Amino acid sequence: MDKETFRYLFDTYYNALCNYACLTLGMNDDAEDVVMEVFTHIWDKREGLGDLDNPKAYLFKSVYHKAMEKIRAKKLVIVALEGEKIVVPDYKEEIADDYLLKEKIFQSIRQLPTQCRVIFVKSKIEGMSHKEIAQEMQIAVKTIENQITKAFKLIRKQLNTI
Amino acid sequence: MNLRDNINKLNESDGRKQADLIQMWKNEASSNLQSMKAEWEGQLPVDQLKGYQQYPVAEAFEKITTEPYHKVVPMWRKWAVAALFTGLLAVSGLYLYQRASANVTIVAEAAIHHHKLNDGSEVTLDKNTRLDYDGERAVAIAGRGFFKVAKKESGASFTVELNKGKVTVLGTRFSVTSLPGEVEVAVEEGRVKYEYEGRSIIINAGERMKLSEQDIVSSPILSPNQFSWSAQVLEFKNTPLDRAIQDIGRHFHQNLSLATEIKSAGKCLLTTRITSENIDQVLEELKLLFQIQYHKSGDRYVITSMKC
């Protein structure tokens, strides 16, 4: 595998994998470590390694197994508020696709103009009502509606060009 | 025609037919346009993005792909390096010797003890607690301690060695219990790292970690009295008595429990402020309030009956 291919894999998958590992481990510090370990392994072995047939499955599976290894090694028991154990879902292709789509949308949102992005995040991700946003930002409800429509349009455009 | 049928038709037909269909459909009604928009927005899982974050991708890439720098070193340089290394070793030995000589041991025996360390950090030690201090940013503790660690501009971390494991922090407020059968770390502010036998866990504000057998178990702090012992004030406001009993036990670091026959303790509510120095005074107060009866065997207190 050459450096360009490695770079491409890294740029495409790194952030989505960190977020996926974070879900699996419930802890940020370890999430990055796990993904770094997987990529370091590929980098070190890149000369003997051809191009991966199915990089998506390879990367997500590796991260999943590394994360589970960590959980087992640490004998971690992550307990939720109600005292029940958090169950980690097994690797599935749909989960990987879901994370890659989330990553694309996330990157598109990051590229929105500032006001548009702030309103979109407050409304669609943080779940605030239009009225609450209007009060907090001192703007008209109509402006909020317009900005959200604009945000969806821009995100859609971004997604289509990827 | 409903939206689903339209989409299915679109998927089945080729490019030109698709364009015609869309045009036809668009002409049908503007309400269709609205539902098309809703369909499209519905497909984007934006509401699932909560907690999704950006990690430092570029830094990670640099870290992985920068290879160690290899170069042939002339012989005389190797000798110079060796000499320098020996010198350093001698100096660091001297330094370590000096550090060792700066060790301080503080023992709180009969009363809770507040102490200010050289680096500006403050520590409260429970009765029967021993603290060994290296004079800088490292302590070892046996017993129970509450720390307010001063943050250093240099970023130097502060470490607390426990009976089992080690806690590393930068600047924060937390308590530790370090006894042969009991290891607990609870964080009031900031976050700390707990390490034990090659495993590590980050404990955030409002969380506590207990070592149970060999498992590291973390859970949220539910009681407002988690750190009450260090301030020596225990406060209850309409607290169910079974919870209050747990808090009182933790506060005085005594094994206090309700006999299993008592089922109604959750219905009794307690509102009071306790500044007593020992558990017997508190139990006397509960005797007046709830007519409790208790017995003591060894270091265990068991409440055997009560009335609300």
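Please treat every number below as a calculation from the coordinates, not as lab data. What you see is a predicted model, and the numbers here were worked out from it, not measured in a lab. Neighbour counts are summed over all protein chains in view; Cβ atoms, including those assigned to glycine, are modelled from backbone coordinates with ideal geometry.
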Original post:
How big is the charge dipole of the range B:104-220 about its Cα centre, in debye rounded to the nearest 20, if each Lys and Arg gets +1 on its Cβ and each Asp and Glu gets -1 on its Cβ?
Top reply: 200
Subject >> Three-way shape call for the range A:111-161 based on the alpha-carbon gyration tensor, with the a/c threshold at 1.5 >> reply: prolate
Original post:
How far is helix A:93-110 tilted, in degrees, relative to the longest principal axis of the Cα atoms in chain A, given as a value from 0 to 90 rounded to the nearest 10?
Top reply: 50
Original post:
What's the extension gain from B:R199 to B:E213 if we count 0.36 nm per residue and subtract their Cα-Cα distance?
Top reply: 3.6 nm
Subject >> Simple spin-label estimate for B:D47 and A:T5 in nanometres, 7 Å along Cα-Cβ >> reply: 4.2
Subject >> Pairwise FRET efficiency - A:T143 versus A:Q111, Cβ, R0 = 30 Å, nearest 0.05 >> reply: 0.90
**OP:** Using 0.36 nm per residue of separation minus the Cα-Cα distance, give me the extension gain between B:S297 and B:K263 in nm, one decimal.
**Re:** 10.0 nm
Subject >> Shape call, chain A: gyration tensor on alpha carbons, a/c limit 1.5 >> reply: oblate
Subject >> Exceeding the 25 Å Cα-Cα cut-off - candidates A:K70/B:K152; B:K63/B:K210; B:K63/B:K193; A:K45/A:K70; B:K63/B:K152 >> reply: A:K70/B:K152; B:K63/B:K210; B:K63/B:K152
Original post:
Long-range amide H contacts for B:L270: which residues qualify at under 5 Å (H placed 1.01 Å from N, peptide plane, sequence gap of 5 or more or a different chain)?
Top reply: B:N238, B:T239, B:L241
Original post:
When you look at the Cβ of every residue in A:151-159, what mean number of other chain Cβ atoms sits within 10 Å?
Top reply: 2
**OP:** Taking the convex hull of the Cα atoms, report for the range B:104-220 its projected area averaged over all directions, in nm².
**Re:** 6.7
Original post:
What distance in nm separates the simple spin-label points at B:V104 and B:Q232, each placed 7 Å from Cα in the Cβ direction?
Top reply: 2.0
Original post:
In terms of the Cα gyration tensor, with a ≥ b ≥ c the square roots of its eigenvalues, is the range B:228-305 rounded because a/c is under 1.5, prolate because a/b exceeds b/c, or oblate?
Top reply: oblate
Subject >> Distant-in-sequence amide H partners of B:I221 (H built 1.01 Å from N, under 5 Å) >> reply: B:E207, B:R208
